[in-house]
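*Asks:* Below is a structure I'd like to ask you about.
The values are calculated or read from the model by the stated rules, or taken from the named source; none is laboratory data. Since the structure is predicted, the reported quantities are computational estimates derived from the model, not experimental observations. Here the Cβ positions follow ideal geometry from the backbone for every residue, glycine too, while neighbour counts run over all protein chains shown.
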Amino acid sequence: MRLGPGTRSALRAVSVVLLVAGLGLFLAAVFAMFSGFAGGPEDGLRDDPFAPMRNFVLLLFAGVFCVGAGGALARIAFLKPVAEVFATETEGALRTAAGAVGEGLAAGGLGHGVKVRCRSCRALDSEDARFCSSCGEPM
Ligand SMILES: [Zn+2]
């Protein structure tokens with residue numbers, strides 16, 4: 001998914017709004033908790049003594065959700081597009097895997113390693129061979 005500049009700035013705005021709203025909800029939750037615990041039944045909470053707690057939990061959940069969503073959006077909007085990150089990481093992993101396979105083939109003698117010619121019998125042998133595989137002379 002490649003994001004255009006317009007989409008990105010819109011995402012940035014939304015993510016900032018969500019983060020600010022989430023922080024506001026957190027503050028409201030803390031306020032609700034303190035007012036609920038500090039205040040007594042004389043605050044008009046006689047009918048429902050759990051109202052402050054419920055408000056606190058609701059506000060906290062809403063705040064967590066907003067901050068989470070805002071944070072996720074901000075990651076997409078402010079950092080590299082997700083697709084690009086994936087592409088680079090996959091490419092690197094593929095390159096590593098290909099390199100490992102190539103090294104394995106070369107170690108097994110199946111790769112196209114550099115060949116050198118024996119000085120005495122002119123047979124081709126791999127570059128890192130210390131002795132000729134045909135005549136046994138040192139390379
Ligand atoms: Zn030889």
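*Asks:* Sort out which residues of segment 24-38 are of a type in the set (G, A, S), modelled with pLDDT of 80 or more and buried (at least 17 other Cβ atoms within 10 Å of the Cβ), and write them in order of number.
*Replies:* A28, A29, listed by residue number.
*Asks:* Now a separate question. Restricting to segment 112-137, count the residues that are among the aliphatic types (A, V, I, L, M) and either within 7 Å of the ligand (Cβ to nearest atom) or farther than 30 Å from G99 by Cβ (or both).
*Replies:* Of the residues in segment 112-137, 1 are among the aliphatic types (A, V, I, L, M) and either within 7 Å of the ligand (Cβ to nearest atom) or farther than 30 Å from G99 by Cβ (or both).
*Asks:* Name the single residue, out of those in segment 59-79 being surrounded by 12 or more Cβ atoms within 10 Å (Cβ to Cβ) and farther than 16 Å from L23 by Cβ, that is modelled with the lowest pLDDT.
*Replies:* Looking at residues that are surrounded by 12 or more Cβ atoms within 10 Å (Cβ to Cβ) and farther than 16 Å from L23 by Cβ, I get F78.
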